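One structure below.
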Amino acid sequence: MSFGQSTQRSSAGQVVVIGAGQAGLAATRALLERDIVPLVLEAGDRAAGSWPCYYDSLRAFSPAGFSSLHGMPFPGDPDRYPTRDEVAGYLGRYAAGLGIEISTRTRVVTVRQDGHRFVVVTADGRHLLAGAVVAASGSFSSPHRPASQGQETFTGALVHVADYRNPSAYAGKRVIVAGAGDSAAQIANELAPVARVTLAARHPLRFIPQQIGGKDVHYWLRETGFDSLPAEWLNKITGASVITDSVGFQQTLADGALDVRPMFARFDSGHVVWGDGERERADAVILATGYRPSLGYLRELGALDAQGAPLHSGGISTSHLGLVYLGLEFQRSYASNTLRGVSADADAVIAPLAAWIRDAPRTIGLTTPQIHRAGSPVFFAEEDRALARCGTDVASGCSTGR
Ligand SMILES: Cc1cc2nc3c(=O)[nH]c(=O)nc-3n(C[C@H](O)[C@H](O)[C@H](O)COP(=O)(O)OP(=O)(O)OC[C@H]3O[C@@H](n4cnc5c(N)ncnc54)[C@H](O)[C@@H]3O)c2cc1C
């Protein structure tokens, strides 16, 4: 794998990428291909995104042949469904192949504006000046926990699926899994042999078969062009979440090993109360209710709406010049927040970002003061020069051990 090695790269730090999961790595690849060496900041201790934190039994819903980032095919049988750890390993190798140092254990706590530049503030107190920012921090650290009536009285375990690892804690228990997406179906299915399980959903479940005409559905998502449909249309087409039944949930349901009910109305001490008034004891409720973008560090900047969602169009910030997003659900298409789709999105947002960094508006004669100019020759405050130099050294192959 070789990205943008042939020509001289821009000095590191002009672009700060926040997050080194698949989205941050795809962004980094797209930047390197345009001879821009970013400074990549990752809160965790390695570049694998949230994959190592997913539940133990997780297998990718897409076959290996449809689970690659650009530039490095997923190894092995293209028809198999890779395990969680295989995906994490693949991302680690992809990160190594990019050939730049990734600043791990570096959490961004806020981003501010300083004239024409951004100031990226890290938990360890660094203030990094940047001409452009790629927010690729995923959503796993922001589980969505919708409040239910009487929740504070519930004496059972109320957990989000983000904290679920395996069935061991639930053996012999009465468990309600709340949700209507892939995680809800997979975890309900996994618990069914050891616990008494109900999947409770706010709307009827909708399934995509894993195989159609002997081929995986991902083949058809590509062949039919479904993956290219614009995000704006998808809500009208899919309605709500759709389950790729990769684990045989529908068969388990048909076998009577679990059941599906409309979402319960409220909690009442050790019980849930169903819509028909039935009050039933529950040992645990697992919320498979999704996530929200982990972008709290952009609140101070004013880049988010009142609900904390980014103001953007296709991943391009509509509030701040030089700010882009990657890895948002339905950012541009059905495939945006997936291994198979994020690389195309990276090219779509990094191309304009590169033009911005290279000062395209000024070059064509647009120098109005209203334009937020990213291409300032000075990107680093005095205290950050060491960091900038470090990044530049890395770009020329020198490992600084930072
Ligand atoms: C349970 C589950 C199963 C999935 N299965 C599949 C699948 O089979 N196939 C598929 O294609 N997709 C799947 N997805 C969807 C998607 O591919 C994954 O969620 C993927 O991890 C998203 O990658 P990401 O880089 O956008 O975010 P993440 O993987 O979450 O990576 C974001 C990175 O940013 C870092 N970060 C966060 N905040 C900060 C901060 N403030 N400062 C610095 N760093 C920060 C995090 O530590 C993390 O490393 C699944 C998702 C889930 C939740």
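For the reader, a short list of remarks on this structure follows.
- Protection proxy ranking of 132-139, 116-123 - average other beta-carbon atoms within 10 Å, highest first: 132-139, 116-123
- Working ranking of peptides 52-61, 348-357 by packing, defined as the average number of other Cβ atoms within 10 Å per residue, highest first, is 348-357, 52-61.
- Computed FRET value (nearest 0.05) for A169 with Q113, which takes r as the C-beta separation and R₀ as 56 Å: 0.75
- Residues whose placed amide H lies under 5 Å from that of V40, excluding near-sequence neighbours: V17, S103
- The residues neighbouring D305, those whose beta-carbon lies less than 15 Å from its own, together hold a net charge of +1 under the Lys/Arg +1, Asp/Glu -1 convention.
- Dividing the summed -39500 (n - 2.57) terms of all DSSP H runs of n ≥ 4 by the residue count of the chain sets its mean residue ellipticity at 222 nm at -6500 deg cm²/dmol.
- For region 212-304: rounded, prolate or oblate by the Cα gyration tensor [a/c cutoff 1.5]: oblate
- Other-chain or far-sequence residues with amide H under 5 Å of H160's (modelled H): L287
- Fraction of beta bridges assigned by DSSP in region 204-279 that are antiparallel (%, nearest 5): 75 percent
- Potential extension, Q151-R222 segment - 0.36 nm per residue separation minus Cα distance: 21.3 nm
- If both residues of a DSSP beta bridge must be in the chain, then about 45% of such bridges are antiparallel.
- Between F61 and any residue 5 or more places off or on another chain, the built amide H atoms are never under 5 Å apart.
- Taking the alpha carbon gyration tensor of the chain, multiplying each eigenvalue by 5 and rooting it gives semi-axes of 41, 23, 20 Å, largest first.
- Phi-based couplings in Hz for region 126-136 (Karplus 6.51, -1.76, 1.60; Gly and Pro marked x): 7, 10, 9, 7, 9, x, 8, 10, 10, 8, 10
- Using the average count of surrounding beta-carbon atoms within 10 Å as a protection proxy, the listed peptides 71-81, 182-192 rank, highest first, as 182-192, 71-81.
Read the figures in this text as sums done on the coordinates, not as results from a lab. Not measured: the values here are computed from a predicted model. Please note: Cβ atoms are built from the backbone with ideal geometry, for glycine as well, and neighbour counts cover all protein chains shown.
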